[in-house]
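Undergrad: Let me give you the structure first, and then I'll get to my questions.
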Amino acid sequence: MSNPAEWVTERLPISGDQLRELTNEPVPYHLKRWWFALGGTPAYLFVVQIITGILLAFYYEAASTSAYESVRFITEEAAFGWFIRSVHKWAATLMIAAVVLHQMRVYFTGAYRKPRELNWMVGMFLLICTLMTGFTGYSLVYEQLSYWGATVGANIADTVPVVGGLIKNMMLAGETYNERTLSRFFILHAAVLPVMMVMLIAIHIMIIRLQGITEFQFKDELDTDGKAATPKTFNFFPDHLFTELIIGLLLMIVLSALATIFPATMGPPADPLVTPEVIKPEWFFYVAFRWLKLFTGTAAVLSMGFIVFTMFAWPFIDDWIRRKTRFQEASVWIGIVGVLAIIGLTVWEAVVKH
Amino acid sequence: MTASKHEPDDSETQPERRKFLTTASTVAMGAGLAGGYGAFGAIAGRFLYPARPDDRLWQFVIEADRLGLGDSVLYRGPSGETINVTRQAEAGDVSDFIALSSTCPHLGCQVHWEGQNNRYFCPCHNGTFDPAGVGTGGPPGDSGMSLPRYPLRVDSGLLFIEVPESQLADATSRETATGEVIERAPGIHAPGHDPCLACRPTDDLKT
Amino acid sequence: MTLETKRFIIAALGALFLLSLVFVQWLEVTRKAEEAGLRQAHVAVPASSKSCVDCHVQTNPGIISHWEGSTHAEKGVACVECHQAASKEADAFLHYGVTIATVVTPRDCARCHVTESEQFAASHHAKAGNILASLDNFLAETVEGARLDFNPHSPTPGKAVESVNGFASAFSGCQQCHGSKVALQSTDGGMITTDDLAPDANGIPTNLDAVGQIVRDDNGRPLFHPGTWPNTGIGRLNLDGSRGSCSACHSRHDFSPRRARQPENCGKCHLGPDHPQKEIFEESKHGVAYRDLKDDMNLDATSWVLGEDYAAAPTCATCHMSGHKRNGGEITHDPGERLSWTNRPPVSLVMDTDINHAIVKVTDPEQRRALIVDTAENKRDRMKLVCSHCHTPDYVNAFYQQYDDLVILYNEKFAKPGQQIMATLASQGLRSKTQFDEEIEWTWFYLWHHEGRRARHGASMMAPDYTHWHGMFEVAERFYTELIPQAIEIVDHAAATGKGAQAREVRAVIDSILDRPEHAWFREGAEGEAEKIRKEMERRYGQGLKTGP
């Protein structure tokens, strides 16, 4: 045994060069523009969520009798518990925001078009998983709003024709919220959904690697004669990694700032007998919540299902429009209308009481 | 960030300065990353580490004069530690009393008082301690281990002990996180019996 | 951007991240420190009282819940520590293996709170029970009620009333503030009080015959006379011979210092037509400031020293009892220690007190000097120390000048003359010995006991409306339009019914009073007065008072 490096390579026959080769995908030059790094942001925040989530799970108890008290213990008594919990809460908020921004970027740059339709759909699954994780996580605190949010959510699912009752029963482990409900939310939040997301993220990245990232060229990167003035790509390692590190640190600073300035608090504990006067879900469900108030019952749920389905199938619908009509940029206008509608509904829900 | 065309290297021009910059920036970056994430790791570690050794509180044990010379009570603190509180003199102040953990410092067995031998005895490995808790024989005696001692205080004839606070939050009621006397030497008057034999809240109010 | 730049940016951001976490650490430390102060203290149920708590938390959860919030609970003082009794005590009984008594007296509290009990025992508060043989008591027991049980005169639908308790007004009225004479039921149908038991220095009864007559229930628990217990009157006369009730101010079972610091606590008794101290306080600048700044009063603090822990406003306790920075934070449980006048009697007296804390009433200076242990001036100086936390010496001294002047004006112009007239009427046999059977006796009582006190208390605590409209104005009205006319009527009646000599005596007293310059206007008229005032104003300000628009 001559030196440690050799000892390792003998048993693990991978060399540093090979590793570098494996990871060193040439990165398109447009990723030098920061807003193209929005895909990495939710990935980074996902890691933050896993770490803080594991920490919180050390103290959390998923039972209706002790859940609130254990969250109170984390928030008020455990050393730095309030900080960890606040970071977890804010990272969730930022993660959802980043996912939405990333999706908007992909949408408006048309990056979902052939041959990347499948990855768009994987992304849609990731979006839904993220939202479901947010929903189940919110329910775990077992304060008034989480309890009633979960109840309302389950009853919305109930209005879906045919399978609604099944979904509700599967969600709540019974007809109503009961003492076995919380452990379902917990296992979904802490095991099922994260594992699904890890797999989906792996597929997402794998497809990117297989297909390469969509390349863009911007006007200011062109010389006056129209030829590229910049190289088409640059190295992932170390250049782009550094960019990601910078983004990561910036996110950590923003997170600790948010956690200290607006720490997560405790509402009143869940009371199945009293529904609070003002009941709201987390902000990212405002859109859906307002939509459900605009239309009623099954119509609302079905229309929402239809919208989600349209989003899934959008690459094909868009392709059909572009082939069959002369509106080549229809997606942009539809997107703008969609974004404005989402913002409008969210703000509407945010400013009114009921 | 778009203008830097010569990304790979212009090191030929100023090789020395270039090298220094690379080393310095790498070291700084390493330090920055280690400092930031290291601190986060430290916070996470602190979050998981359960003990809060500075959180101790005074708890009432028994009225001082109920404990006669040589009497001893077994007291359980809020965090579950068991303590022998014994009266060893009758000077009338706190120095009469001694509070010793009943947990052997060797391997955690419960020691008990042997009056005839004037010592505490641990049945696991024949460890013995003198009345002040100093190890005299067996493994504790060999390695000079003593029974941990707890501070006591007498206030208005009431004996108090300083014990660690309970670390676990209790979901049902916080007041259960208190210590209590769990065993009395014979002769010490125990108050009351089954407390609720006569709970007749409504009958009492009827006239 | 070069790689170097990026590396340096990473280094800088890493440092910033570290910095933000240091800030987090700082927050954590502050939070812990704050919590240590604010956190609800852990309640320690001592083993001795564990079974009491276990049972009573079911039967009387309010008692336990109150106690759990108390400092007692925090320090491990629970049921048995206060309620324990020696088996020889008159009201002791065995309760699930522990000998306890229902009523906790100052003697019990004194087991721990020695200084407080001594101060309280020396105070006028502890003597509040003395009223039980006084004019006020006569009012409640005889005038308002009857010193006997009498038969109802017609049925009360829905309730079988067998007899009327003539003491009801005294029990529910006077004695709830002044304190009852706690009594046990006797086998002969009467009451057994401390007088019958003749307790020794340790509170153990010496009259065993009386003890033998105590009525007990099946469990051996003595039965209290329901008129005398429940009672938290401050001068309660307890079975063990002690006086007072600590829970009058430190209400059981949380014994909250916070509550004792607030004026509402004193307001259980110090209010109403005869001594509206709480209303007076509320009218004063002190009370207004308190109401506004209550949140800054630090009422929950363990230590509540004026000038250290708070200075926003004073409450009753601040001036009369609490510790302050200038006296080293020393609290007194004798509120009389800082009072220089007593405005309780018809004529205010200076609070020069003797060794028994009684007011020295002799007039001879030599005798006074020999008897006085604590002078009124000393007491006033103690109060001035409190004032001086917020007011300059000149301000405080001038206030006391205003206060003294008002008290002396009342004393000299109305109280002493009134007293003289009433005394002369009695000595000349023109009014009966029985109080309140003649109109003039009610008039005089209103004058000093209600209106006169309002005026003096109002001046003592800076409430102008109470000093004037509720006070001196009504004193004057009562004096000129009721007391004097009623006295003259009695004189005239006496003269007409053959008591000419006596009538002349009283008439002379009335005349001599009304001839005094301060009363001259009443007889001679004051037509010249307005003109005099106008001239005086002109001299002082160079212009006359405007009359009319």
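Undergrad: Would you confirm whether or not region C:70-78 contains a residue that is touching a residue at least 40 places away in the same chain (Cβ under 8 Å) and crowded, with 17+ Cβ neighbours inside 10 Å?
TA: There is at least one residue in region C:70-78 that is touching a residue at least 40 places away in the same chain (Cβ under 8 Å) and crowded, with 17+ Cβ neighbours inside 10 Å.
Undergrad: As an exercise: evaluate residue B:133 against (1) touching an Asp or Glu at 6+ places or on another chain (Cβ under 8 Å); (2) modelled with pLDDT of 85 or more; (3) closer than 21 Å to residue B:164 by Cα and give the number of the one condition it does not meet.
TA: Just one mismatch for residue B:133, condition (1).
Undergrad: While we're here: What tally of residues in region C:279-312 results from selecting those that are in a helix (DSSP H, G or I), in contact (Cβ under 8 Å) with a residue 12 or more places away in the chain and either acidic (Asp, Glu) or not assigned by TED's automatic domain parsing to the domain that holds residue C:383 (or both)?
TA: Qualifying residue count, region C:279-312: 5.
Undergrad: Would it be correct to say that residue C:206 is buried (at least 17 other Cβ atoms within 10 Å of the Cβ) and among the hydroxyl-bearing types (Ser, Thr, Tyr)?
TA: In short, no.
Undergrad: Within the group A:146, A:139, A:86, which residue is within 14 Å of chain B (Cβ to nearest Cβ), in a helix (DSSP H, G or I) and closer than 30 Å to residue A:261 by Cβ?
TA: It is A:86.
Undergrad: Of A:84, A:50, A:74, which residue is open to solvent by 20 Å² or more (accessible area, probe 1.4 Å) and β-branched (Val, Ile, Thr)?
TA: Answer to the selection: A:50.
Undergrad: Shifting gears a bit: Quickly run through region C:84-127 and pick out the residues that are open to solvent by 20 Å² or more (accessible area, probe 1.4 Å), in a helix (DSSP H, G or I) and away from chain B (no Cβ under 14 Å).
TA: Passing the criteria: C:107, C:118, C:119, C:120, C:121, C:122, C:125, C:127.
Undergrad: Next question, about the same structure. Exactly one of (1) over 20 Å from the mean Cα position of the chain (by Cα); (2) in contact (Cβ under 8 Å) with a residue 12 or more places away in the chain is unmet by residue A:162. Its number?
TA: If we test residue A:162 against (1) over 20 Å from the mean Cα position of the chain (by Cα); (2) in contact (Cβ under 8 Å) with a residue 12 or more places away in the chain, just (2) comes out false.
Undergrad: From the set of residues in region C:345-382 that are assigned to a loop (DSSP other than H, G, I, E, B) and of a type in the set (Val, Ile, Thr), which is nearest to the chain's Cα centre (by Cα)? Working first, answer last.
TA: Start the filter on region C:345-382 by keeping residues that are assigned to a loop (DSSP other than H, G, I, E, B), which leaves C:345-348, C:351-352, C:354-358, C:360-364, C:372-373, C:375.
Next cut, of a type in the set (Val, Ile, Thr) only: C:347, C:355, C:360, C:362-363, C:372-373, C:375.
Values: C:347: 19, C:355: 22, C:360: 22, C:362: 27, C:363: 28, C:372: 24, C:373: 24, C:375: 22 Å.
Among those residues, the one meeting the criterion is C:347.
Undergrad: Output yes when any residue across region C:409-431 is under 15 Å from residue C:274 (Cα atoms) and buried (at least 21 other Cβ atoms within 10 Å of the Cβ), and no when none is.
TA: Scanning region C:409-431 turns up no residue that is under 15 Å from residue C:274 (Cα atoms) and buried (at least 21 other Cβ atoms within 10 Å of the Cβ).
Undergrad: Can you give me the number of residues within region C:1-59 that are buried (at least 21 other Cβ atoms within 10 Å of the Cβ), at pLDDT below 80 and more than 7 Å from every other protein chain (Cβ to nearest Cβ)?
TA: Within region C:1-59, residues that are buried (at least 21 other Cβ atoms within 10 Å of the Cβ), at pLDDT below 80 and more than 7 Å from every other protein chain (Cβ to nearest Cβ) number 0.
Undergrad: Any chance you could count how many residues in region B:27-64 are more than 7 Å from every other protein chain (Cβ to nearest Cβ), open to solvent by 70 Å² or more (accessible area, probe 1.4 Å) and modelled with pLDDT of 80 or more?
TA: 3
Undergrad: Let me ask another. Please enumerate the residues belonging to region C:421-443 that are within 29 Å of the chain's Cα centre (by Cα), in contact (Cβ under 8 Å) with a residue 24 or more places away in the chain and not in a loop (DSSP other than H, G, I, E, B).
TA: Of everything in region C:421-443, those that are within 29 Å of the chain's Cα centre (by Cα), in contact (Cβ under 8 Å) with a residue 24 or more places away in the chain and not in a loop (DSSP other than H, G, I, E, B) turn out to be C:440, C:443.
Undergrad: Please verify whether residue A:108 is in contact (Cβ under 8 Å) with a residue 60 or more places away in the chain, out of contact with any strand residue (DSSP E or B) (no Cβ under 9 Å at 6 or more places or on another chain) and of a type in the set (Phe, Trp, Tyr), treating the condition exactly as stated. Give the derivation first.
TA: Working: in contact (Cβ under 8 Å) with a residue 60 or more places away in the chain: yes; out of contact with any strand residue (DSSP E or B) (no Cβ under 9 Å at 6 or more places or on another chain): yes; of a type in the set (Phe, Trp, Tyr): yes.
Yes.
Undergrad: Another question, then. Starting from residues that are under 30 Å from residue C:74 (Cα atoms) and free of Cβ contacts under 8 Å to residues at least 12 places away in the same chain, keep the ones in region C:254-278 and report whichever is nearest to the chain's Cα centre (by Cα).
TA: C:267
Undergrad: Tell me, which residue of region B:65-79 that is within 9 Å of chain C (Cβ to nearest Cβ) and open to solvent by 20 Å² or more (accessible area, probe 1.4 Å) is farthest from the chain's Cα centre (by Cα)?
TA: Among residues in region B:65-79 that are within 9 Å of chain C (Cβ to nearest Cβ) and open to solvent by 20 Å² or more (accessible area, probe 1.4 Å), the one farthest from the chain's Cα centre (by Cα) is B:66.
Undergrad: Report the residue count in region A:46-83 for those that are in a helix (DSSP H, G or I), in contact with a Ser or Thr (Cβ under 9 Å, 6 or more places away or on another chain) and within 7 Å of chain B (Cβ to nearest Cβ).
TA: Result for region A:46-83: 3.
The values are calculated or read from the model by the stated rules, or taken from the named source; none is laboratory data. In this text, all values refer to a predicted model and were calculated from it rather than measured experimentally. Counting neighbours? That spans all protein chains shown, and the Cβs are built from the backbone with ideal geometry, glycine included. The area values use the complete protein model at the heavy-atom level, side chains included, leaving out ligands, DNA and RNA. Shrake-Rupley method; radii C 1.70, N 1.55, O 1.52, S 1.80 Å.
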